[in-house]
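Single-structure report; data block below.
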Amino acid sequence: MIFEEDVDSFLLRYLLNELDPEDRKKVEEWIVANEENRQYYQAYQKTHLELRWMERSKKIEGNFIQFDRLRRKQHFRRIFYRSVACAIILLSVGGAFWYWDGEPETRLVQECIQPGKSQAILYMASGQVVSVDKDAQELKEADGTCINVDSVAGMTYNVAAGESSSEVLYNRVVVPKGGEFKLTLSDGTKVWLNSFSELRYPVNFTGKKREVILAGEAYFDVVGDPEHPFVVKVNDLDISVLGTQFNVNAYTAGIVKTVLVEGRVNLRGRMGEIDLHPRQMGEYRETDGNLHMTDVDVLPHVAWKDGNFIFRSESLEDIMDKLSIWYNLDVFYTNDELRGIRLSGNLFRYGDVNQLFTLFEKISDARFQVEGKSVVISCK
């Protein structure tokens, strides 16, 4: 049980991953207890992410991450949150603002483009189709597995003790454009699914391998089990791990990019295999079946999981492809040469995308015109 006066403290430690499993469970039970709690958590999480983004973007001074790690008394944290929340409100008034090289710039207010949210569709082995958006619910599969479903806490599989099925049951989660979703599989492995993605997996892992099938993009935090390797199948590529964290991006047809955060993974394609070490990316191309490995800055590849977009000298076409999936946009270019412009920038994933367009207009020859869900990109 969480007392009202301790809610802020518990939520902050939950977001910072500082709670033990028992207290994390208490927080998740509190979140799904009623609609008011869910809305409060969503607002608290949004403020938390905004503060991190603002600190990284130098809109507030000081090292917020270092502040977290000091683990000072909780009432100082609450004072900090409430004070800086005022800054967020002030920055939100009167239009979109972007700070570049210390000089503020304003942009005419455009039609607000709504960011994505936590949502998914669950296809059960029984044939039941469940839309996961707001209401918390508890489902049961034919083998007795309990599925706790909630748009905020995600979806968790709890295998019933003593229950078993001779048949392997599969579930499938589909995340539409403008969505994201988190689930915890029966072995405890956590999966964050990005927009326009889907995952097919056994309700209960049996056999020598723990195998799932992915389309789109996902971040995996795999529970180690040396006797039962975890395998992510993406078309004809197998990504095998024992226990590790990594991101898989298969948005581009025929190309699969795997970025390793920690641990070790093995990639096996038609023409061979390679092992990845932390801060390396393996790229697989189906056209020739070959694998290529490069050292990378991990953060731009995984920032989406923590609520941010980070672009480092990416083509405008690649950037807009990512934004269009999250904001559910239709993008049009009046000149194909604009697609190849290379740009850098950061954006809070739940914020106003017009802020990023303002930055890009300032540092390039591109101009962005927003009409509803359509973005027309032209030359200045």
Discussion item. Report every pair of residues separated by at least 6 positions or lying on different chains whose Cβ atoms are under 9 Å apart, first residue within segment 258-275 and free of Cβ contacts under 8 Å to residues at least 12 places away in the same chain, second open to solvent by 30 Å² or more (accessible area, probe 1.4 Å) and part of a loop (DSSP other than H, G, I, E, B).
Written reply: 275/264
Item to complete: Quick one: in segment 227-236, of everything that is closer than 28 Å to residue 177 by Cβ and at pLDDT below 95, which residue is surrounded by the most Cβ atoms within 10 Å (Cβ to Cβ)?
Response: 235
Discussion item. Of everything in segment 328-380, what is in contact (Cβ under 8 Å) with a residue 60 or more places away in the chain, of a type in the set (Gly, Ala, Ser) and buried (at least 16 other Cβ atoms within 10 Å of the Cβ)? Give them in sequence order.
Written reply: 351
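Restricting to segment 234-249, what's the tally of residues that are among the polar types (S, T, N, Q) and not in a strand (DSSP E or B)?
Summing the residues that are among the polar types (S, T, N, Q) and not in a strand (DSSP E or B) in segment 234-249 gives 2.
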Worksheet item: Does any residue of segment 6-19 turn out to be surrounded by fewer than 17 Cβ atoms within 10 Å (Cβ to Cβ), acidic (Asp, Glu), assigned to a helix (DSSP H, G or I) and modelled with pLDDT under 75?
Response: yes
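Counting just the residues of segment 277-295 that are in contact with a Lys or Arg (Cβ under 7 Å, 6 or more places away or on another chain) and outside any loop (DSSP other than H, G, I, E, B), which one comes out most open to solvent (accessible area, probe 1.4 Å)? I'd like the intermediate steps shown before the answer.
Restricting attention to segment 277-295, the residues satisfying the condition of being in contact with a Lys or Arg (Cβ under 7 Å, 6 or more places away or on another chain) are 277, 281, 283, 289, 295.
Filter once more, keeping what is outside any loop (DSSP other than H, G, I, E, B): 281, 283, 295.
Working: 281: 21, 283: 31, 295: 126 Å².
Of everything passing the filter in segment 277-295, 295 is most open to solvent (accessible area, probe 1.4 Å).
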Fill in: Close pairs (7 angstrom Cβ cut-off, 6 or more residues apart or separate chains): among the small types (Gly, Ala, Ser) in segment 115-129, surrounded by fewer than 18 Cβ atoms within 10 Å (Cβ to Cβ) anywhere
118/152; 125/142; 125/169; 125/170; 126/142
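Select from segment 302-318 the residues that are among the hydrophobic types (A, V, I, L, M, F, W, C) and either in a strand (DSSP E or B) or closer than 22 Å to residue 261 by Cα (or both) and list them in ascending order.
Narrowing segment 302-318 to residues among the hydrophobic types (A, V, I, L, M, F, W, C): 302-304, 309-311, 316.
302, 303, 304, 309, 310, 311 - these are the residues of segment 302-318 that are among the hydrophobic types (A, V, I, L, M, F, W, C) and either in a strand (DSSP E or B) or closer than 22 Å to residue 261 by Cα (or both).
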Item to complete: Run residue 267 past the list (1) part of a strand (DSSP E or B); (2) loosely packed, with under 15 Cβ neighbours inside 10 Å; (3) not aromatic (Phe, Trp, Tyr) and report the number of the one that doesn't hold.
Response: (2)
Worksheet entry | Number of the exception - residue 284 against (1) more than 21 Å from the chain's Cα centre (by Cα); (2) closer than 30 Å to residue 16 by Cβ | (2)
Fill in: In segment 198-226, residue modelled with the highest pLDDT [restricted to those that are in contact with a His (Cβ under 9 Å, 6 or more places away or on another chain) and open to solvent by 50 Å² or more (accessible area, probe 1.4 Å)]
209
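The values are calculated or read from the model by the stated rules, or taken from the named source; none is laboratory data. Quantities reported herein were computed from a predicted structural model and do not represent experimental measurements. Every residue, glycine among them, receives a Cβ derived from its backbone with ideal geometry; neighbour counts consider all protein chains shown. Ligands, DNA and RNA are excluded from the accessible area calculation, which covers all protein heavy atoms including side chains. Shrake-Rupley method; radii C 1.70, N 1.55, O 1.52, S 1.80 Å.
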